[in-house]
Amino acid sequence: MKRKFLKVLSSTVVAATLLGPNVSLAERGPNPTGGTNLSTEAFLNYDELVKELNQLEQASAGIVNVEVAGKTNQGRSIQKVTVGHGDKVVLIQSEIHGNEKTGTVALLNILKNLGQSNSPEVKKVLDELTIVAIPMMNVDGSELDRRGNEMKWSEVVGKFPQLSNAKPTWNYYTTPRSGDDYATKPGFDVNRDFNPDLNYVPKPQDFPGASEKPGWFITPEAQTLRNTYKGLKSKFGKVDVFIDLHHQGFPYIEGTDERATMSISGKFVPNPSTPEGAKYAEYADNFKYDFSRQLTLTAYNALQAKGNSVFTNISLYDQSIDLPGTALGTFALNGSGTVLFEVSGQTQNFGQKKNGQLVKTVETGLMGIINGVTDGSVHNLNPSDYEKIPESSSTPGI
């Protein structure tokens, strides 16, 4: 299939240029190095993040507010940062998988700009939006540089005695995985622990579950994000936008031999108004698939505006997934416009190689969305143009 190109369609791109990073790199997207023990010193660790956020809060003179949203299973604080005072609510999360770290740095860079700039463009963002960021959700996993958190099934049963005879969940890791030691430090994929019923209480009959089924809110990390989301809905009546920052493997851009620098998506469960999504019919009235597609387009357009560079190597993530147990699936069914960023490569693939390039890719896409929601131009986009974004492919082809 030939690659399809999407034209820049709105003032979102102009705004992204004003507020986003100014970078131009004429090279192909990321390629795996084959290494498994590369240095991760270039990535921000937990102590460094806390220090940076505290300094930012002080330097911002009240513009940036840093709070503890909750605690991880190992007792570390999960930081929540709020900036802006507008009616439109944007919730952004990074590192729910602890070895997916570029989003954390990108978020910090954006928070610094919003908290310290006096530009009219930034003032407009702060007036229109309330941005809530959780830069490092799975802190325990981040400290171990691995996907899962650190938590034993016995600890789950201790908190939920009704599960004493239930089987451990399908996403519970107890054997070596990607070179990480889950045998002595087992843990869960936190991003499969969400449930569209935000008040769900774990029931033994729902275990061990499956990838295509809802999760259970058994991990404190998932509970923290759920509580943050519920708190925002209670205060503002809605969470307009939820963005989740991840890493992936090394897909190609559909129909080319170019590696994707990042894949994006606005679809995580089937549309409840279609036969395919009928099992989610109770959520149909709140589902905003068109808005999710428009948000995704704003990120895509902002990156395409960078011209002939690695930043234009953006693909559409797998559109066949059905994942109600992810944060994105759960919050989409609860009425938020949702967007996934999947940067190519894990920390064990790159170490500090290409780190700056990948961070700028995330920053550019995020600022495209932030600016598009701020000026309202996101609503001028044709949702069907989403399907023109070239898809990801596991193999090269021209």
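The values are calculated or read from the model by the stated rules, or taken from the named source; none is laboratory data. Being a predicted model, the structure only gives us computed values, none of them experimental. Note that we place each Cβ from the backbone using ideal geometry, even for glycine, and neighbour counts take in every protein chain shown. Just so you know, the surface numbers come from the protein's heavy atoms only, side chains and all, with ligands and any DNA or RNA stripped out. Shrake-Rupley method; radii C 1.70, N 1.55, O 1.52, S 1.80 Å.
The set of residues in region 185-214 being surrounded by fewer than 19 Cβ atoms within 10 Å (Cβ to Cβ), in a loop (DSSP other than H, G, I, E, B) and of a type in the set (S, T, N, Q) consists of ASN199, SER211. Take the conditions in contact (Cβ under 8 Å) with a residue 12 or more places away in the chain and either out of contact with any helix residue (DSSP H, G or I) (no Cβ under 9 Å at 6 or more places or on another chain) or not in a loop (DSSP other than H, G, I, E, B) (or both) and apply them to GLU150. Does it pass? Against the criterion (in contact (Cβ under 8 Å) with a residue 12 or more places away in the chain and either out of contact with any helix residue (DSSP H, G or I) (no Cβ under 9 Å at 6 or more places or on another chain) or not in a loop (DSSP other than H, G, I, E, B) (or both)), GLU150 does not qualify. May I ask you to list the residues in region 102-118 that are hydroxyl-bearing (Ser, Thr, Tyr) and either farther than 15 Å from VAL362 by Cβ or open to solvent by 10 Å² or more (accessible area, probe 1.4 Å) (or both)? Selection gives SER117 alone. Taking the criterion of being among the charged types (D, E, K, R), at pLDDT 95 or above and outside any strand (DSSP E or B), would at least one residue in region 65-73 satisfy it? Within region 65-73 (the criterion being among the charged types (D, E, K, R), at pLDDT 95 or above and outside any strand (DSSP E or B)), the answer is no, since none of the residues qualifies. For the residues LEU328, LEU295, LEU303, the requirement of being open to solvent by less than 10 Å² (accessible area, probe 1.4 Å), assigned to a helix (DSSP H, G or I), touching an Asp or Glu at 6+ places or on another chain (Cβ under 6 Å) and closer than 24 Å to ASN382 by Cβ singles out LEU328.
Inclusion of MET136 among residues that are part of a loop (DSSP other than H, G, I, E, B), touching a helix residue (DSSP H, G or I) at 6+ places or on another chain (Cβ under 7 Å), touching a residue at least 60 places away in the same chain (Cβ under 8 Å) and of a type in the set (A, V, I, L, M, F, W, C) is warranted. Kindly evaluate GLU121 against the criterion of being open to solvent by 30 Å² or more (accessible area, probe 1.4 Å) and either of a type outside the set (D, E, K, R) or in contact with an Asp or Glu (Cβ under 9 Å, 6 or more places away or on another chain) (or both). When the stated conditions are applied, GLU121 does not pass them.
On inspection, SER320 fails the criterion of being under 19 Å from the mean Cα position of the chain (by Cα) and in a strand (DSSP E or B). Quick check on region 308-320: of everything there that is closer than 29 Å to GLY376 by Cα and open to solvent by 30 Å² or more (accessible area, probe 1.4 Å), which residue is modelled with the lowest pLDDT? Across region 308-320, the extreme among qualifying residues is ASN308. Within region 332-351, residues that are part of a loop (DSSP other than H, G, I, E, B) and modelled with pLDDT of 90 or more have Cβ atoms under 6 Å from residues that are β-branched (Val, Ile, Thr) and surrounded by 24 or more Cβ atoms within 10 Å (Cβ to Cβ) in these pairs: SER336/VAL239, counting only partners at least 6 apart in sequence or on another chain.
Is it true that some residue in region 241-255 is closer than 15 Å to ASN195 by Cβ and part of a loop (DSSP other than H, G, I, E, B)? The answer is no; no qualifying residue exists.
Within the option set GLY255, GLY249, being among the small types (Gly, Ala, Ser), open to solvent by 10 Å² or more (accessible area, probe 1.4 Å) and closer than 21 Å to LEU358 by Cα holds for one residue only, GLY249. All of ASN99, ASN171, ASN165 fail the test of being open to solvent by less than 30 Å² (accessible area, probe 1.4 Å) and out of contact with any Leu (no Cβ under 9 Å at 6 or more places or on another chain), apart from ASN171. Test LYS235 against the stated conditions and say whether it is open to solvent by 30 Å² or more (accessible area, probe 1.4 Å) and touching a residue at least 40 places away in the same chain (Cβ under 8 Å). For LYS235, the condition - open to solvent by 30 Å² or more (accessible area, probe 1.4 Å) and touching a residue at least 40 places away in the same chain (Cβ under 8 Å) - is not met.
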